[in-house]
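Below is one structure; the comments refer to it alone.
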Amino acid sequence: MKKSSRDIHDSTRSIHRRALMLGAIQAAVVATLGWRLKTMQLDRADEFRLLSDGNSIKMRLLPPARGLIHDRNGLVIAGNEANYRATITREEAGDPALVIERLRRLIPMTDTAVAALLAEIDKRSAITPVIVADRLTWDQFASIAVNAPALPGITPESGLSRSYPRAGDFAHVLGYVGPVSDYDLSKIENPDPVLRLPEFQLGKLGVEAKLEEVLRGKAGRRRVEVNSAGREMRELERIEGQQGATVQMTLDAGLQNFAIQRLGEESAAAVVMDVQTGDILASASAPAFDPNLFVRGISSADYKALMEHDHRPLADKTVQGVYPPGSTFKMVTLLAGLESGLIDSRSHFYCPGHTTVAGRRFHCWSRSGHGSVGPVDSLERSCDVFYYELAQKIGIDRMSEMARRMGIGVRPDLPMSAIAEGIAPDRDWKRVRHGQEWQIGDSINASIGQGYVLASPLQLAVMTARVATGLEVAPRLIRAIDGAPVPDSVFPVLGLDEGNLKIARAGMDAVMNGGSGTAAKARIVRPEWRMAGKTGTSQVRNITAAERARGVIRNDQLPWNRRDHALFVCYAPYEAPRYAVSVVVEHGGGGSAVAAPIARDILLYALAGGLPPLDAYPPGLRDEIREMLARMRLAPAPVAQASGGRARA
């Protein structure tokens, strides 16, 4: 049937409308594709280029150089040295066992070492480099580089490793660094990616650990082109890391070395403080150890020897060791009594050689007694009975409160490991710690620094500095970071009566310079360096009544670990205090005979700024001192260097 003109017209209009709609859709699609193409090729070109390059370009982290540590005069005491090593990446090696077997023809590797290395490679990600050999010689390093085509996955590298040029002198203060372990990573919530680098070293102990984030620096990076097998073809870009901050300590390398040498083979500790600034000038713990052994990977034999040594060389006795302070604590008890108002400069107690309390006899070190004793005499002659009687008057709470004011029982705020708090016991402490009530006998023991009282050598140095100045002197170990000085502290006054402090100081002066002074043989004869001090001997065993009756066994007749600890504290000059020193010699015997001469010599080094001058000693001692100084193996005199700002290894 023939269509009408109207039908033909409507059909034509419908076709045109559909054509227009289809054209519009096609135009929209083309416009969308064009806009998308513009976005990808122009607006987001850099992003997609980076994604594309990821198939052939890799980013590698560059470990930063660790910050240097200087002594107060700018001498490097923790630095960095060149270290040649080789790493292997499993993804690039293909068959690691085969590659390592080829490597063994170039450098010596034991079967045990190879087995451990293969186990480590299997444990790590395929793209994580693993150290194959460390501290290579230059010849070994060059041999590996020349044979690189036959050693796929092996990369010879030159990096930096920590070094301690003064060996054991600063071992306990600085600590050491070592490879990052899984345990180290588990303790960090969001570990820095640089910590996963195989050659990276992390602070493990001491200042190295406490200032890790300051010393670590920031990683650099390099962009390298790799082929389809993952082998590096060329380096496209390198941005070096930022070295860690340079840290300047308050320690003096010369004084520290002298203190270590003077302690010798003893199991001992010595601390020297500047009483005006709180700077710790020396913190010596003996015997020491070489921290370089840990950086390089200490052998089982060396580690076992350190662990089994009865003098505990790994322990920092200056802050970790706590000891009954013995008679060095008597200044605390005396000041507590004077401040309470229950005694004054005219008070006396009679010493017949013992005191009986609650049916128990407490002995003075002098069996015959000291007779009538006043405050200054009590320190000069170190009369125990004076303090037994005083303790019954003032009680433990006053003694404990004074001990804390003087720094005992208070943990110092320093960047060192395992700092002990010590113990300034009171009634509540015993009730909580031991579930027992305080007894009068506890107070009597505490009055002479025995019983529950414990203090570290550092706390004893702080106590001495506070007695000498009347100020709340606090210890400081860091002098500057990246050349920015740590502000000096303004120490508040202790709030003690100056007259009472003068009595305590007069007693300490009489210990050294009085006619009955317990440490008169260790005095300094130069008047401008006049020294005040206090001896201490703390028992480590009980002496029975039967032993007293037949005669107390002398220390030199006892096994070493049953002998008394020897202690001594001092400061000088007496009229214008500058330095405070404390010395503890474990199982050393008497404080006056053993600890006092050591402290005097160390104090003289600080006062003289070098070897103690012979004319500071009594004439009868000078030949002996000359011979002793000649036998000491002192490090070369430090040469002052520029300190401050960043320094490169």
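What's the total number of residues in segment 256-271 that are hydrophobic (A, V, I, L, M, F, W, C) and surrounded by fewer than 22 Cβ atoms within 10 Å (Cβ to Cβ)?
Within segment 256-271, residues that are hydrophobic (A, V, I, L, M, F, W, C) and surrounded by fewer than 22 Cβ atoms within 10 Å (Cβ to Cβ) number 0.
When we screen 286, 315 for residues that are buried (at least 21 other Cβ atoms within 10 Å of the Cβ), closer than 17 Å to residue 168 by Cβ and of a type outside the set (Ser, Thr, Tyr), the only hit is 286. A count restricted to segment 398-427 and to residues that are surrounded by fewer than 19 Cβ atoms within 10 Å (Cβ to Cβ) and under 24 Å from residue 356 (Cβ atoms) stands at 1. Among the residues of segment 200-216, those that are part of a loop (DSSP other than H, G, I, E, B) and either touching an Asp or Glu at 6+ places or on another chain (Cβ under 7 Å) or at pLDDT 90 or above (or both) comprise 204, 205, 211.
If you go through segment 68-82 and keep only what is surrounded by fewer than 20 Cβ atoms within 10 Å (Cβ to Cβ) and among the polar types (S, T, N, Q), you end up with just 73. If only residues of segment 322-378 that are of a type in the set (A, V, I, L, M) and modelled with pLDDT under 95 are counted, the one that is nearest to residue 583 (Cα to Cα) is 357. Within segment 91-125, the set of residues being free of Cβ contacts under 8 Å to residues at least 24 places away in the same chain, among the small types (Gly, Ala, Ser) and out of contact with any helix residue (DSSP H, G or I) (no Cβ under 9 Å at 6 or more places or on another chain) comprises 113, 115, 116, 119.
Go through segment 126-184 and report how many residues are of a type in the set (D, E, K, R) and in contact (Cβ under 8 Å) with a residue 24 or more places away in the chain.
Counting residues in segment 126-184 that are of a type in the set (D, E, K, R) and in contact (Cβ under 8 Å) with a residue 24 or more places away in the chain gives 6.
From the list 257, 292, the lone residue that is closer than 23 Å to residue 181 by Cβ, assigned by TED's automatic domain parsing to the domain that holds residue 462 and either within 14 Å of the chain's Cα centre (by Cα) or of a type outside the set (A, V, I, L, M, F, W, C) (or both) is 292. Taken as a whole, segment 59-70 holds at least one residue that is at pLDDT below 75, under 30 Å from residue 217 (Cβ atoms) and not in a helix (DSSP H, G or I). Within segment 185-194, the set of residues being without any contact (Cβ under 8 Å) to a residue 12 or more places away in the chain and part of a helix (DSSP H, G or I) comprises 185, 186.
Residue by residue, here is whether (1) hydrophobic (A, V, I, L, M, F, W, C); (2) out of contact with any strand residue (DSSP E or B) (no Cβ under 6 Å at 6 or more places or on another chain); (3) farther than 18 Å from residue 383 by Cβ; (4) surrounded by fewer than 17 Cβ atoms within 10 Å (Cβ to Cβ) holds:
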site: 455; (1), (2), (3), (4): yes, yes, yes, no
site: 461; (1), (2), (3), (4): yes, no, yes, no
site: 467; (1), (2), (3), (4): yes, yes, yes, no
site: 475; (1), (2), (3), (4): no, no, yes, no
site: 481; (1), (2), (3), (4): yes, no, yes, no
site: 485; (1), (2), (3), (4): no, yes, yes, yes
site: 495; (1), (2), (3), (4): no, yes, yes, yes
site: 501; (1), (2), (3), (4): yes, yes, yes, no
site: 510; (1), (2), (3), (4): yes, yes, no, no
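Residue-level check: of (1) surrounded by fewer than 21 Cβ atoms within 10 Å (Cβ to Cβ); (2) not hydroxyl-bearing (Ser, Thr, Tyr); (3) not in a helix (DSSP H, G or I), residue 629 misses just (3). Residues in segment 512-553 that are out of contact with any Lys or Arg (no Cβ under 9 Å at 6 or more places or on another chain), modelled with pLDDT under 80 and among the basic types (Lys, Arg): 550 alone. In this structure, residue 522 does not qualify as among the small types (Gly, Ala, Ser) and either over 24 Å from residue 601 (Cβ atoms) or in contact with a Cys (Cβ under 6 Å, 6 or more places away or on another chain) (or both). For segment 586-611, a tally of residues being crowded, with 22+ Cβ neighbours inside 10 Å and more than 20 Å from residue 517 (Cβ to Cβ) returns 3.
For segment 16-58, taking the residues that are polar (S, T, N, Q) and not in a helix (DSSP H, G or I), the one that is modelled with the lowest pLDDT is identified as 55. Considering only residues in segment 571-585 that are more than 10 Å from residue 603 (Cβ to Cβ) and assigned to a strand (DSSP E or B), the one that is farthest from the chain's Cα centre (by Cα) turns out to be 585. Would you say residue 404 is part of a helix (DSSP H, G or I), out of contact with any helix residue (DSSP H, G or I) (no Cβ under 6 Å at 6 or more places or on another chain) and either without any contact (Cβ under 8 Å) to a residue 24 or more places away in the chain or not assigned by TED's automatic domain parsing to the domain that holds residue 273 (or both)? It is true that residue 404 is part of a helix (DSSP H, G or I), out of contact with any helix residue (DSSP H, G or I) (no Cβ under 6 Å at 6 or more places or on another chain) and either without any contact (Cβ under 8 Å) to a residue 24 or more places away in the chain or not assigned by TED's automatic domain parsing to the domain that holds residue 273 (or both). Note on segment 86-176: enclosed helices (runs of 4 or more DSSP H) holding 1 or more residues that are surrounded by fewer than 16 Cβ atoms within 10 Å (Cβ to Cβ) and of a type in the set (Val, Ile, Thr) are 111-123, 138-146.
Any idea which of 268, 245 is of a type in the set (Gly, Ala, Ser), farther than 30 Å from residue 94 by Cα and assigned by TED's automatic domain parsing to the domain that holds residue 596? Answer to the selection: 268. Among residues belonging to segment 237-272 that are out of contact with any helix residue (DSSP H, G or I) (no Cβ under 9 Å at 6 or more places or on another chain), more than 30 Å from residue 602 (Cα to Cα) and not acidic (Asp, Glu), point out the one that is modelled with the highest pLDDT. Here the residue is 243. The residue list 643, 592 contains one member that is within 23 Å of residue 254 (Cα to Cα), hydroxyl-bearing (Ser, Thr, Tyr) and modelled with pLDDT under 95, which is 643.
The values are calculated or read from the model by the stated rules, or taken from the named source; none is laboratory data. Remember, predicted model here, so these are calculated numbers, not experimental data. Cβ sites come from the backbone with ideal geometry, for glycine too, and all protein chains shown count toward neighbours.
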